[in-house]
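> One structure, as structure tokens, below. Some questions next.
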Amino acid sequence: MDQTLYFILLLIALCSVSECVQRRFHFINVRKNWTEAQRYCRENYTDLATVDNINDINELKKSVNDGGVQYVWIGLQRSGVDKWQWSSGDSVIYQNWAPGQPDGRDDCAMMMNGQWNDLPCSDKRNFICNNNKLILIKENLTWPEALRYCRQNHMDLVSVHSEEIQRRVMNVVKQASTEAVWLGLHNYCSMNMWIWLSGEIVCYQNWAPGNGSTPEECSLEKRKGAVQSGGDQRWISLPETRKLNFICSRNDE
């Protein structure tokens, strides 16, 4: 098989696998209305839970404890006639409504045994938050130093494998003190491939012009990925010895 075709097929396969990467969730054993639950998740975690596939559903079900709780808020709210949107701003791609739902009478969604029902937003229910937080570290470190810091103090340098995470990164980097901020993105030079530390291939991309699409000259220095802290906040390729602020991901238990 032609080597170029082989790598194209490999990328397609890896991207398909990366779409199955699961979010982390946290069950909140406190009863709040939907708006209060959304505020709580945004202040203490990331947001009310977003669900993109059956793997997310299974993780959500695992996150609910065995205390007899049946109905839990997720981050789904009516945004128009027969139109729903996630609290994160994402469109609804995957759906798992119970039979006969939504019935058009209520504006917020809850989950019971993995299936969704609409309920009045004023109801007080337990709820589930997305459990990933991003932490901007305003220390100027090289990429290997930043990686070591994140793994020792939080979880890892951030991987940006979706538009949702990119939006959160854009909010965080506004406070940076350097012109760019390290991401968990490194160049696999021998194959001219960019890979996230989480093991995902770079399927979702937000490269600045002239970055990420051409072979890197890495015979003298290793190249890593950063996000611009100003402008349109796109990704750029830099030598790993550059000292920058960086973003750690954190999983709160």
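> Considering each of R151, R168 in turn, give the residue that is among the charged types (D, E, K, R), outside the structural domain of C41 (by TED's automatic domain parsing), in a helix (DSSP H, G or I) and at pLDDT 90 or above.
Every option except R151 fails the conditions.
> State which residue is surrounded by the most Cβ atoms within 10 Å (Cβ to Cβ) when the search covers only the stretch 32-57 and only residues that are at pLDDT 90 or above and assigned to a loop (DSSP other than H, G, I, E, B).
So, considering only residues that are at pLDDT 90 or above and assigned to a loop (DSSP other than H, G, I, E, B), the one surrounded by the most Cβ atoms within 10 Å (Cβ to Cβ) is A49.
Let's see how each residue does on (1) at pLDDT below 95; (2) among the aliphatic types (A, V, I, L, M); (3) out of contact with any Asp or Glu (no Cβ under 9 Å at 6 or more places or on another chain):
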{"site": "V172", "(1), (2), (3)": "yes, yes, yes"}
{"site": "A180", "(1), (2), (3)": "no, yes, yes"}
{"site": "G212", "(1), (2), (3)": "yes, no, yes"}
{"site": "C218", "(1), (2), (3)": "yes, no, yes"}
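> I want to confirm something. Restricting to the stretch 195-212 and keeping residues that are under 15 Å from K224 (Cβ atoms) and of a type in the set (V, I, T), which single residue is surrounded by the most Cβ atoms within 10 Å (Cβ to Cβ)?
Per the criteria, the residue is V202.
> Here's something else I'd like to know. List every residue pair whose Cβ atoms sit under 6 Å apart, with the two residues 6 or more apart in sequence or on different chains, where the first one lies in the stretch 122-136 and is without any contact (Cβ under 8 Å) to a residue 24 or more places away in the chain and the second, anywhere, is part of a strand (DSSP E or B) and of a type outside the set (A, V, I, L, M, F, W, C).
Note: no pairs meet the criteria.
> Pick out the one residue from N171, N192 that is surrounded by fewer than 17 Cβ atoms within 10 Å (Cβ to Cβ) and within 30 Å of K62 (Cβ to Cβ).
On inspection, the qualifying residue turns out to be N171.
> What about E145, is it in contact with an Asp or Glu (Cβ under 6 Å, 6 or more places away or on another chain) and not in a loop (DSSP other than H, G, I, E, B)?
Considered against the rule, which asks whether it is in contact with an Asp or Glu (Cβ under 6 Å, 6 or more places away or on another chain) and not in a loop (DSSP other than H, G, I, E, B), E145 comes out as no.
> Continuing with the same structure: Does the stretch 110-120 include one or more residues that are surrounded by 14 or more Cβ atoms within 10 Å (Cβ to Cβ), in the same structural domain as L60 (by TED's automatic domain parsing), assigned to a loop (DSSP other than H, G, I, E, B) and not aliphatic (A, V, I, L, M)?
yes
> Taking N130, is it more than 30 Å from Q70 (Cβ to Cβ) and of a type outside the set (A, V, I, L, M, F, W, C)?
Criteria not met by N130.
> Please verify whether K243 is basic (K, R) and buried (at least 19 other Cβ atoms within 10 Å of the Cβ), treating the condition exactly as stated.
Criteria not met by K243.
> So which residues in the stretch 111-122 are closer than 18 Å to Y94 by Cα and in contact with an Asp or Glu (Cβ under 8 Å, 6 or more places away or on another chain), if there are any at all?
The answer is D118, and nothing else.
> Taking the stated definitions as given, is S87 touching a strand residue (DSSP E or B) at 6+ places or on another chain (Cβ under 6 Å) and crowded, with 17+ Cβ neighbours inside 10 Å?
yes
The values are calculated or read from the model by the stated rules, or taken from the named source; none is laboratory data. Just so you know, these numbers come straight off a predicted model, no measurement behind them. Heads up, the Cβs are rebuilt from the backbone with ideal geometry, glycines too, and the neighbour counts pull from every protein chain shown.
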